[in-house]
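As structure tokens, the structure follows; a few thoughts come after it.
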Amino acid sequence: MSEPPEACDVVVVGAGFAGLYAIHRLTSLGYRVIAFEKGDDVGGVWYWNRYPGARCDCESYYYSYSFSNELQQAWDWSLRYSEQPEILGYLRHVADRFDLKRHIRFGAPVTRAEFDEQSATWRVTAADGRSAEGQFLVTAAGCLSQIQRPDIPGLDTFEGRVFWTAAWPKEPVDFTGRRVGVIGTGASGVQAIPRIAAQARHLTVFQRTANWVLPARNARTAAEFNAWVKANYGEIRDKCLNSPGAVPFEGATRSAFDVTDEERRAVYERLWGIGGMRFFSAFTDLFTNPAANETAQAFVRDHIRAVVRDPIVAGGLIPKDQPIGVKRPPVDDDYYETFNRDNVELVDVRAWPITGVEGHSVITPEAVHELDDLVLATGFDAMTGALLAMDIRGRGRARLAEHWSQGPQSYLGLAVAGFPNLFTITGPLSPSVLANMPTAVEQHVDWIAGCIGHMRREGLRAIEADEGAEQAWVDHAAEVVSHTLYPRSNSWYFGSNIPGKPRRFGVYVGGFSNYRKQCEAVAQRGYEGFRFVGGIGRERAESVD
Ligand code: FAD
Ligand code: NAP
């Protein structure tokens with residue numbers, strides 16, 4: 001028989017960057033929190049993605065929490081872009097430092113969450129029957145945490161070893177002397193390929209869509225830089241809060257056509273030398289004007305041709321008909337050079353799609369590739385996958401999956417009409433993955449904590465996004481993205497990587513700082529666009545909207 005539900009104020013799902021901060025913030029305010037985590041430790045993305053080369057593509061000094069000055073003064077990052085073990089170590093440190101693990105139930109994938117209208121509480125149940133009941137449900141289940149398994153006939157029957165980048169074993173994997181195949185050339189594949197190539201006897205890269213890859217220029221952080229960061233953290237975090245990407249850099253001020261060809265090239269050269277996503281701070285119109293974007297593409301095309309010796313391979317690595325930046329560009333230092341190695345082969349599975357896996361072979365219409373190991377870097381059911389993997393039921397037992405059958409519907413990416421007292425950290429239609437995520441996570445958690453505090457002070461038992469406000473936000477998000485080049489690609493931002501998934505852009509592209517101000521304004525105007533239900537104390541009106 002299953003245990004009775006644990007009673008609390010807030011149930012949290014997930015213990016990555018978002019869940020950990022939610023637990024910390026809410027328990028610090030005196031709320032009882034129970035969190036469920038599928039993994040057996042904290043870390044989220046950094047717990048699961050242990051593949052060789054896994055690291056952040058936002059620089060570590062700002063891809064980190066800002067909520068505790070003691071924490072940011074105590075922690076030293078060893079690399080400009082830290083690798084997975086160090087980021088996981090950081091999140092473990094946070095969990096221990098703030099004593100968060102006692103609130104988390106590990107090895108507990110949530111399968112069901114139901115709102116009870118009578119009591120205005122959520123009952124949340126994990127696969128093994130453990131459950132909790134609380135007034136609020138806060139999901140921190142991750143935008144990129146639900147693995148997408150490609151529909152490749154016979155994949156499960158592969159007779160060699162199979163590895164998923166997003167569920168990599170904890171023990172080290174040795175590829176020495178082996179014939180390895182990697183399927184997928186998104187950010188995960190691009191980071192893993194150079195490392196695997198350096199070890200394997202032979203590496204076959206199965207590429208369906210070429211990606212624009214930016215240089216990382218990763219390097220050890222100098223002690224002086226760490227000292228400068230610590231002395232200036234206030235200003236750095238402030239810049240993050242006030243920038244479109246939640247990063248501490250100035251944006252562009254000029255169009256790509258405000259300068260001469262030589263000046264434009266010099267701007268690209270300089271940013272290419274700096275490395276990372278800074279490349280996109282070159283000009284204001286890279287994401288809105290196809291001709292401006294083409295100038296950046298031309299620059300990177302030249303770079304690929306200059307680095308990759310075999311012109312046919314170089315041609316294969318150059319993206320076709322895809323503006324730069326509209327699919328998340330991978331960031332790596334050795335990717336293009338890796339294709340100059342004798343033991344690396346690029347296979348075009350756009351022209352020759354994989355038809356199946358048999359025994360030790362991956363088969364395409366053109367060839368049979370004999371492999372010892374297969375690495376799947378084939379991505380995620382992003383933005384909605386982890387939420388819909390749970391059977392979430394709102395008012396009248398309505399299913400979230402039903403509400404989202406035409407694509408995600410959300411007010412501010414934080415709340416869903418028909419699902420009272422549910423908050424989604426970095427939910428669909430918030431800036432989430434187009435912002436530096438720890439900053440985005442902190443902003444959401446702080447807003448949610450403020451809202452819960454407001455409800456407690458006012459004796460309100462339930463809050464729900466208004467259907468009209470939700471639809472207006474969905475329309476606004478769609479309108480903003482329609483003025484950009486994002487719709488010119490098939491990306492996971494749209495759900496295009498999942499067969500049958502409704503095509504709706506899942507991220508708010510209006511910019512993080514602008515979004516943050518909109519959230520603040522909503523709260524200041526008495527949570528405009530939300531309905532409240534009173535009920536704690538007779539003096540409160542039933543509805544206060
Ligand atoms: P996650 O870290 O995904 O954590 C979600 C947690 O919820 C997981 O532990 C998962 O096990 C748990 N969970 C999910 N469903 C359930 C369930 N039903 N029951 C119980 N538990 C559940 N973003 C950046 O801004 N910069 C970067 O450099 C960057 N690098 C990245 C690198 C990789 C390899 C990947 C995959 C993503 C990267 N991201 C990056 C995006 C990343 O999603 C965020 O930075 C951040 O890790 C999100 O934290 P989170 O807590 O919201 O989600
Ligand atoms: P992804 O970007 O979705 O890439 C998946 C790759 O697998 C694509 O190349 C895709 O090709 C290919 N693929 C899928 N199914 C296939 C099939 N049946 N046959 C052949 N190829 C197939 O996933 P990801 O690389 O895991 O990255 C997801 C996101 O996570 C990133 O965009 C980024 O936001 C984040 N991430 C960040 C970092 C970092 O540097 N910090 C590292 C890893 C991940 P198509 O493009 O043709 O679909």
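If a residue must be within 24 Å of residue 81 (Cα to Cα), in contact with a Gly (Cβ under 9 Å, 6 or more places away or on another chain) and in contact (Cβ under 8 Å) with a residue 40 or more places away in the chain, how many such residues does the range 273-300 contain?
4
Which number in (1) touching a Lys or Arg at 6+ places or on another chain (Cβ under 8 Å); (2) free of Cβ contacts under 8 Å to residues at least 60 places away in the same chain marks the one condition that residue 467 misses?
(1)
Where the second residue is β-branched (Val, Ile, Thr) and the first is at positive phi and lies in the range 212-227, which pairs have Cβ atoms under 7 Å and are six or more apart or on separate chains?
Once the first residue is at positive phi and sits in the range 212-227, its partners that are β-branched (Val, Ile, Thr) give 217/274.
So that you can scan it fast, the table gives a plain yes or no per residue for (1) of a type in the set (A, V, I, L, M, F, W, C); (2) within 23 Å of the chain's Cα centre (by Cα); (3) more than 15 Å from ligand 1 (Cβ to nearest atom):
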| position | (1), (2), (3) |
| --- | --- |
| 183 | yes, yes, yes |
| 190 | yes, yes, no |
| 193 | yes, yes, no |
| 197 | yes, no, yes |
| 203 | yes, no, yes |
| 211 | no, yes, no |
| 216 | yes, yes, no |
| 220 | no, no, yes |
| 223 | yes, no, yes |
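Tell me whether the range 439-455 contains one or more residues that are among the hydrophobic types (A, V, I, L, M, F, W, C) and within 13 Å of the chain's Cα centre (by Cα).
Yes, the conditions are met somewhere in the range 439-455.
Tell me, please, whether a residue that is basic (Lys, Arg), more than 22 Å from the chain's Cα centre (by Cα) and either more than 30 Å from residue 11 (Cβ to Cβ) or assigned to a helix (DSSP H, G or I) (or both) can be found in the range 459-474. So that I can check it myself, show each step before the final result.
Start the filter on the range 459-474 by keeping residues that are basic (Lys, Arg), which leaves 461.
Right, trim to more than 22 Å from the chain's Cα centre (by Cα) and you get 461.
Subsequent filtering for residues that are either more than 30 Å from residue 11 (Cβ to Cβ) or assigned to a helix (DSSP H, G or I) (or both) retains none.
No: zero hits.
Could you tell me which of the residues 412, 371 is touching a strand residue (DSSP E or B) at 6+ places or on another chain (Cβ under 9 Å) and assigned by TED's automatic domain parsing to the domain that holds residue 55?
None of the others qualify; the one that does is 412.
Filter the range 111-126 down to residues that are within 14 Å of ligand 1 (Cβ to nearest atom) and of a type in the set (Ser, Thr, Tyr), then give me how many there are.
Selection size over the range 111-126: 2.
Tally the residues that are more than 16 Å from ligand 2 (Cβ to nearest atom) and not in a loop (DSSP other than H, G, I, E, B), restricting the search to the range 10-41.
18
Kindly indicate the residue of the range 110-120 that is out of contact with any helix residue (DSSP H, G or I) (no Cβ under 8 Å at 6 or more places or on another chain) and under 20 Å from residue 37 (Cα atoms) and also nearest to ligand 2 (Cβ to nearest atom) among those meeting that condition.
110
If you scan the range 42-61, which residues turn out to be in a loop (DSSP other than H, G, I, E, B) and either among the hydroxyl-bearing types (Ser, Thr, Tyr) or near ligand 1 (Cβ under 9 Å from one of its atoms) (or both)?
42, 43, 44, 49, 51, 54, 56, 57, 58, 59, 60, 61
Any residue that is touching a helix residue (DSSP H, G or I) at 6+ places or on another chain (Cβ under 7 Å) and more than 13 Å from ligand 1 (Cβ to nearest atom) - is there at least one of those in the range 11-24?
no
Would you check if residue 342 is under 28 Å from residue 183 (Cα atoms), under 26 Å from the mean Cα position of the chain (by Cα) and among the charged types (D, E, K, R)?
no
When you go through 204, 221 one by one, which is the residue that is more than 20 Å from residue 308 (Cβ to Cβ) and either in the same structural domain as residue 278 (by TED's automatic domain parsing) or within 11 Å of ligand 2 (Cβ to nearest atom) (or both)?
Among 204, 221, only 221 is more than 20 Å from residue 308 (Cβ to Cβ) and either in the same structural domain as residue 278 (by TED's automatic domain parsing) or within 11 Å of ligand 2 (Cβ to nearest atom) (or both).
With the structure loaded, tell me whether residue 194 is surrounded by fewer than 17 Cβ atoms within 10 Å (Cβ to Cβ), more than 11 Å from ligand 2 (Cβ to nearest atom) and at pLDDT 95 or above or whether it fails that test.
No; evaluated as a whole, the condition is false for this residue.
Give me the pairs: first residue in the range 96-108 and part of a strand (DSSP E or B), second residue of a type in the set (Gly, Ala, Ser), beta-carbon distance under 6 Å, and six or more apart or on different chains, which are they?
104/15; 104/35
The values are calculated or read from the model by the stated rules, or taken from the named source; none is laboratory data. Predicted model only: the values in this text are computed from it and were never measured. So basically every Cβ, Gly included, is an ideal-geometry build from the backbone, and we count neighbours across all protein chains shown.
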